[in-house]
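Here's the structure, in C-alpha cells; my notes come after.
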There are 2 protein chains.
Amino acid sequence: MKQNNDHKKYNAIEKSILTLLAFSEDKSSWGVRELSQKLGFSPATVQRILQTYKTYGFVKQDSQTRQYHLGNVFYKFIEPLQHVNQVTRGARKYMEQVAAETGETVHLNIVEDGHRICIDTLESSRALRAGMPLGHRSPLHAGASAKCLLAFSSPEFIETYLDLTPLTRLTENTLVERTSLEQALSQIRQEGFAGSLGERTPGLGSLSAPIMDHRGKAIAVLSLAIPEIRFSNDVHRNKCIESLIGAVREFSLENGFLFR
Amino acid sequence: MKQNNDHKKYNAIEKSILTLLAFSEDKSSWGVRELSQKLGFSPATVQRILQTYKTYGFVKQDSQTRQYHLGNVFYKFIEPLQHVNQVTRGARKYMEQVAAETGETVHLNIVEDGHRICIDTLESSRALRAGMPLGHRSPLHAGASAKCLLAFSSPEFIETYLDLTPLTRLTENTLVERTSLEQALSQIRQEGFAGSLGERTPGLGSLSAPIMDHRGKAIAVLSLAIPEIRFSNDVHRNKCIESLIGAVREFSLENGFLFR
DNA sequence: TGTTTTGTTTCATATTATAAAACACTGTTT
DNA sequence: AAACAGTGTTTTATAATATGAAACAAAACA
C-alpha cells in the first residue's frame, strides 16, 4: 500500500482537499481505513471528512460495501468552469473554424497534474469519426496532443517529467525510448505542430498545435482526432495541418503573441 | 446583496465546501469580502479558505482584479466520475443503440440541486444536428428532459419545486402557468415520455423518457435533441419515441424494474 | 467458531480555526 | 491633493473544535 510519506502538517481544509483529490487519482473508490492509511490521517478524521462531503453530494457511499465514490456535485461545476475559463471561451470560434475546414473532431487540451486532459470538444459530423470526450486524460508521452503539450512545456518540466514517469507502452506505436521521444519533441518545436498515428489508440490519428499567451507560453493545444483511413491521405492531412496552424496563429495573435 | 441567512454553525470543512459551492451558483467570480458577506463568514476565514484552494488549483485568482474563479482541477474529476457512475456506465450501450436507430443526438440527464444537468452525450453525425454538452444545465420546467425529470420526481419534490421556483419564460413556447405545467407533467407520467419543441431554445425539439431503478424511482432520463425540421416529421418523431421508450424499458428492466 | 478487518463513535486534550482590528493598497470623490 | 471608501490581506488573543487513541459494532474470512 502506497503511503503519503510527506510528513508535512496539514490543516483541516488541506486535509479535506487531499481527501477529495484521492478520488481523482488511481483509485476512484475508497474505504475509510484504506484512505486513512494512504493519506496518513487518522481513520476518525477521514471518516468525518467523508461524511461531511457526503451530505453535500461530493461523495456517495455504497450502502452495501460502505465504500465511498465520487458524487454528482462535480457535474455542477462543468458549466460555470467552461463559462469562466478564458481558454475555452476564446478557443470556441477557432474550434468551429477548424471543424468547418476539416470536417474532423476538434478538441482542446491542457496539462493538469502531469496529464493531458481534454477541456473542450467539437465532434465531427462524418459517419466515421473519432471521439474525444470532455475530461478525457492520458499520459504526456503518447499521442499528438500529449506530445505537443509536453514539447511546449518548460525544459525543467520536461526533464522532471521524463525523469519521473515511465514511458508506458500503450500501443505498438508508442514511443517508449526517452531519446526518441526527446527527438520527437524537438521536431515538434521546430515544425510548430505534432502528429501521431495509433500511439495511444490503434487506428486513431491525431494532429496538434500550441496556443500561446502573450509571453509565448503554451496555454493549451488545439487538436484534431482523425480516423486512420483519412489520416493516411496526404492531401487531407496537409489540409488539416494548415487549418490547425492557421487557427492557433490567429488565436495566439489575439492573445498578443506573433509566431515568427 | 443576498445573504446566507441560515445562522447554523458550520465546521471548518463545511465552510470550505460552501465556499466552493458558491462558485457553481449564480456568480462564478467572487471577491473575498463579497463572498464573506454572502456566506456569513468573516473575511479572514474566506481569505484563508480561498488561498488554500488556490494552492491546490480549485480556484484561480485574477492577478489584476484579485477576484477568484474556478480552477482547472475540476476537469480531473470528470473522467473518474464518468467511470464510477453506475448510470452513465450502464446507459452507454442504450445511448449508442438509440443513436444508431434515430441518427439524432442522445443525452442523459439527472436532477442536481433543482436543475436538470446533462451527464453524458452522444452527438448525432448529421450535418444539421442539436448539441447538448456535458454539464449543461437548465431549470426543470422547460424542455422535454427537464419536464420528464420533474414529472417522475416525488410529489413532494414537485410541489416544493413549483412553490419555490418562478416559471421563467425562456422562449414563447415555455410553459409559465403552473396549472398547464402540472397538466403536462400528468400527461408525461401517463404516456411514459415527454416531448417539447422550442420550450428552452427556439428551433430545438426534444424527447425524453425516464430510466427507473429497481424500486421504480427515476434515476435519470434518456433524451434526444432534434432540430425542428426533423422533429416536425411525424414519422421520424414516432420512430424516435419508439426507440427511446424501447431503450429505457430495457435499461430499467436490467435494473430490476418492469414497466407495466 | 474464533479471528481479522472493516466502518463508526466516543472523549479528553491540545491544536487551530476564528473574528476583530489593523494594514496596505486601489480607485474615486471632494 | 487630500480625504474617503472600497478592496485584499495579515496579525493576534482567545475560544472553539479538530484530533487520534481507544472502544465498539458489524461484517468478512478462516
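Side notes on the structure shown:
- Note on B:Lys217 and B:Asp26: the model spin-label points, each 7 Å out from Cα along the C-beta direction, lie 3.1 nm apart.
- 5 angstrom amide H check on B:Ile211, placed H, neighbours 5+ away: B:Ile219, B:Ala220, B:Val221, B:Leu222
- Count Lys and Arg as plus one, Asp and Glu as minus one, and take only other residues whose Cβ is under 15 Å from that of A:Val176; the net charge is then 0.
- Magnitude of the charge dipole, chain A, Cβ model with Lys/Arg +1 and Asp/Glu -1, debye to 20: 820 debye
- log₁₀ of I(q)/I(0) at q = 0.14 Å⁻¹ - segment A:12-71, Debye sum with one point per alpha carbon: -0.30
- Cβ-placed point charges (K, R +1; D, E -1), dipole of segment B:125-260 about Cα centre in debye, nearest 20: 360 debye
- Chains B and A together bury roughly 4900 Å² of accessible surface, counting both sides and using a 1.4 Å probe on protein heavy atoms.
- Put a dot 7 Å past the Cα of A:Thr160, heading toward its Cβ, do the same for A:Gln51, and the two dots end up 3.8 nm apart.
- Charge-dipole axis of chain A as Lys and Arg at +1 and Asp and Glu at -1 on Cβ define it, positive-most pick from A:Thr168, A:Gly143, A:Gly71: A:Gly71
- Position B:Pro202, label points 7 Å along Cα→Cβ, spacing to each other copy in nm (shortest first, one decimal): 5.1
- The GluC sites (Glu not before Pro) found in segment B:146-210 that occupy coil by DSSP, while having at most 12 further C-beta atoms within 10 Å, are B:Glu172, B:Glu177.
- Computed Rg/Rh of segment B:77-254, alpha carbon atoms with Kirkwood Rh: 0.94
- Rounded to 10°, Cα long-axis angle of helix B:73-84 versus longest principal axis of chain B: 40 degrees
- Computed over protein heavy atoms with a 1.4 Å probe, the accessible surface of the protein assembly as shown works out to 46 Å² per residue.
- Inter-copy separations for B:Gly216, label at 7 Å along Cα-Cβ, nm, ascending: 6.9
- Of A:Leu181, A:Leu244, A:Thr88, farthest towards positive along the dipole that unit charges on Lys, Arg, Asp, Glu beta carbons give chain A: A:Thr88
- Net charge in the neighbourhood of A:Ile245 (other residues with Cβ under 12 Å of its Cβ; Lys, Arg +1, Asp, Glu -1) is -2.
- Between A:Gln97 and A:Glu177, the modelled label-to-label distance comes to 3.9 nm, taking each label 7 Å out from Cα in the direction of the beta carbon.
- Debye-formula intensities of the protein assembly as shown, expressed as log10 I(q)/I(0) at q = 0.06, 0.07, 0.11 Å⁻¹, are -0.31, -0.42, -1.08 (one equal scatterer per alpha-carbon, no solvent).
- Across the identical copies, the label point of A:Phe259 (7 Å from Cα in the Cβ direction) is separated from its matches by 5.1 nm, in order from shortest.
- Segment A:37-92, dipole about Cα centre (Lys/Arg Cβ +1, Asp/Glu Cβ -1), debye to the nearest 20: 40 debye
- Taking the square roots of 5 times each eigenvalue of the Cα gyration tensor of segment A:1-134, largest first, gives ellipsoid semi-axes of 37, 16, 14 Å.
The values are calculated or read from the model by the stated rules, or taken from the named source; none is laboratory data. Keep in mind the model is a prediction, meaning the values are calculated, not measured. Here Cβ is always computed from backbone atoms with ideal geometry, including for glycine, and neighbour counts include all displayed protein chains. When the accessible area is computed, the model is the full protein with side chains, heavy atoms only, and any ligands, DNA or RNA have been set aside. Shrake-Rupley method; radii C 1.70, N 1.55, O 1.52, S 1.80 Å.
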